[in-house]
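Participant: Take a look at the following structure, please.
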Amino acid sequence: MRYAGIKAKSSKYKVKEAKERMNKKFSGLVAVVALVLVALPLIASCAPAKEAPPAAPAAEVKPDAVWMRGSVAMTGPYAASLLPALEAAKDAINIVNTERDGIDGVEWKVDILDDGGDVAKAIANYEQLRVKEPKCLLFLNISTSDVAIALKDRWNEDGVVCWLPSCAPAAIYPSGNTFSIITPYADGFGLFCDWLVETQPKPIKLGFCTWDSSMGKSVLTDECLNYAKQKGIEIVEPPQLYGIMEMDVSTQLTNLKNAGANWVYTNTLGFGTVVLLKTAASLGLKDEMHFAGCHFAMDNDVNYVAGPAGEGFVGYHNLVTWYETDNPYVAERIAAFKAKDLPIEQKAQPYLVFKGWFELEEMIYENAIAEVGWENLDADALKNQIYKLKDYDAEVGIFTYSPDKPEPRHARIVQFKGGKILPITDWRVCPDLRPAEYK
């Protein structure tokens, strides 16, 4: 064999040999370490600095609640029309919380004070609400046009968005943080004029019997009157005005009859419209004159209380009505209303439309949060989402908003007929009849 005759080394020799090899390796290692220690400072000074790893993003902290505060005419002359709107708003927010898990999983809460429709009280309420923490980005104003006009600049200054059930131009323009839910009174009047000349026999002699208030007189502008005249409508002068607390307008309607009016237009709501219709019926004028009104004049509370006196009453409306039972959204709301066993006289328009409207608000909030995050959520983020609504079908109506025109453009002509409120036209875009100073 190859290894035959070679004597094996003793175990003692093997240990000694291994120690010698280890000592040689250790000596070499010490030398290498020494060289490395000498070179490290030089290497560190020449090498680029290593960046620290990026910090992990902080987990987004959601608020405990999203607050909507507001001032509402819960008492006073407007309460009969506006208090149901508040109750409907609370009901709609409850639906958002219970059925849709709030706003991005956060509960939506309301904090409301009563202003009785009084401007001074509404301003005092706002001063009380604006300093509360956490700050609210969406203010609920269910009150008068005068209150909205008085608070408009404050909402702009404080970064609060406010949706208004008011169409007074001074409450909307110059464009800022206020948005109307309702098609402007002037624009809706223009749509009514279009329908009037397209469908009704001539001559048309149109008189006005309306409230002596900012709302009531918002259709008595040069833009509205000139538009009607351009369409071939004769305007009967002077317009007849009445106070919001008046219970009879016999003198005003007699004046219009004697002046030759065969159509009468009112820019009122609730009991104010009922007074007009019942007075006309009591005077036997329904066979001689036709009556028409604005969006709020065409609501269910007017239809219910006026009863037969309202038969044939027409006007523009930019939301769905309780009587469109073939509409799936309306059918769902009727079922929910019946499930709560609410009496028919409480079936006010807000109970129908506010569910869809507050779900739209929820969508605006959540889209803004998705785009900028909770930490950057502010009035501008909400407004940017509102401006993205173009011909948007929100189930309750069609909505388009822009910085130039923060108001809905679409509406229909509806009519009180057989105890119902039924659309008699399709959705149409209204003419823009803003006063010149607001364009």
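The values are calculated or read from the model by the stated rules, or taken from the named source; none is laboratory data. All values derive from a computational prediction rather than experimental measurement. Neighbour counts are summed over all protein chains in view; Cβ atoms, including those assigned to glycine, are modelled from backbone coordinates with ideal geometry.
Participant: Of Ala124, Ala89, Ala80, Ala59, which residue is modelled with pLDDT of 90 or more and more than 21 Å from the chain's Cα centre (by Cα)? It would help to see each step written out before you state the result.
Facilitator: Details: Ala89 fails: more than 21 Å from the chain's Cα centre (by Cα); Ala80 fails: modelled with pLDDT of 90 or more; Ala59 fails: modelled with pLDDT of 90 or more.
Result: Ala124 is the single residue among Ala124, Ala89, Ala80, Ala59 that is modelled with pLDDT of 90 or more and more than 21 Å from the chain's Cα centre (by Cα).
Participant: To continue, here is another question. Hey, Asp111 hits all of (1) farther than 21 Å from Glu361 by Cβ; (2) modelled with pLDDT of 85 or more but one; which does it fall short on?
Facilitator: (1)
Participant: Name the single residue, out of those in region 157-174 being part of a loop (DSSP other than H, G, I, E, B) and modelled with pLDDT under 95, that is surrounded by the fewest Cβ atoms within 10 Å (Cβ to Cβ).
Facilitator: Pro174
Participant: Considering Ile149, Ile182, which residue is modelled with pLDDT under 95, assigned to a helix (DSSP H, G or I) and closer than 25 Å to Asn384 by Cα?
Facilitator: Going through Ile149, Ile182 in turn, just one is modelled with pLDDT under 95, assigned to a helix (DSSP H, G or I) and closer than 25 Å to Asn384 by Cα: Ile149.
Participant: Which of the numbered conditions does Tyr126 fail, given that it passes all the others? Conditions: (1) in a helix (DSSP H, G or I); (2) in contact (Cβ under 8 Å) with a residue 60 or more places away in the chain; (3) among the hydroxyl-bearing types (Ser, Thr, Tyr).
Facilitator: If we test Tyr126 against (1) in a helix (DSSP H, G or I); (2) in contact (Cβ under 8 Å) with a residue 60 or more places away in the chain; (3) among the hydroxyl-bearing types (Ser, Thr, Tyr), just (2) comes out false.
Participant: Let me ask something else. Taking the options Ala368, Ala339, Ala379, name whichever one is out of contact with any helix residue (DSSP H, G or I) (no Cβ under 8 Å at 6 or more places or on another chain) and buried (at least 18 other Cβ atoms within 10 Å of the Cβ).
Facilitator: Ala379
Participant: Of all residues in region 415-439, how many are in a loop (DSSP other than H, G, I, E, B), surrounded by fewer than 20 Cβ atoms within 10 Å (Cβ to Cβ) and more than 21 Å from the chain's Cα centre (by Cα)?
Facilitator: Number satisfying all stated conditions: 8.
Participant: Same structure again: Applying the selection to region 222-249, what residues are modelled with pLDDT under 95 and out of contact with any strand residue (DSSP E or B) (no Cβ under 7 Å at 6 or more places or on another chain)?
Facilitator: First, the residues of region 222-249 that are modelled with pLDDT under 95: 244-245.
Across region 222-249, the qualifying residue is only Met245.
Participant: Something else: Tell me the residue from Gly270, Gly284, Gly293, Gly260 that is modelled with pLDDT under 95 and of a type in the set (Gly, Ala, Ser), please.
Facilitator: Just a single option satisfies the conditions, and that option is Gly270.
Participant: Between Gly270, Gly284, Gly260, Gly312, which is surrounded by 18 or more Cβ atoms within 10 Å (Cβ to Cβ) and on the phi > 0 side of the Ramachandran plot?
Facilitator: Checking each option against the conditions leaves just Gly270.
Participant: Quick check on my filter: what residues within region 70-101 are farther than 17 Å from Asp301 by Cα and either aromatic (Phe, Trp, Tyr) or free of Cβ contacts under 8 Å to residues at least 40 places away in the same chain (or both)?
Facilitator: Lys90, Asn94, Asn97, Thr98, Glu99, Asp101
Participant: Out of everything in region 399-414 that is in contact with a Pro (Cβ under 8 Å, 6 or more places away or on another chain) and in a strand (DSSP E or B), what residue ends up being farthest from Val429 (Cα to Cα)?
Facilitator: Among those residues, the one meeting the criterion is Val414.
Participant: Free of Cβ contacts under 8 Å to residues at least 60 places away in the same chain and either of a type outside the set (Lys, Arg) or in the same structural domain as Gly176 (by TED's automatic domain parsing) (or both): which single residue out of Lys355, Lys383, Lys347 fits that description?
Facilitator: When all the criteria are applied, what remains is Lys347.
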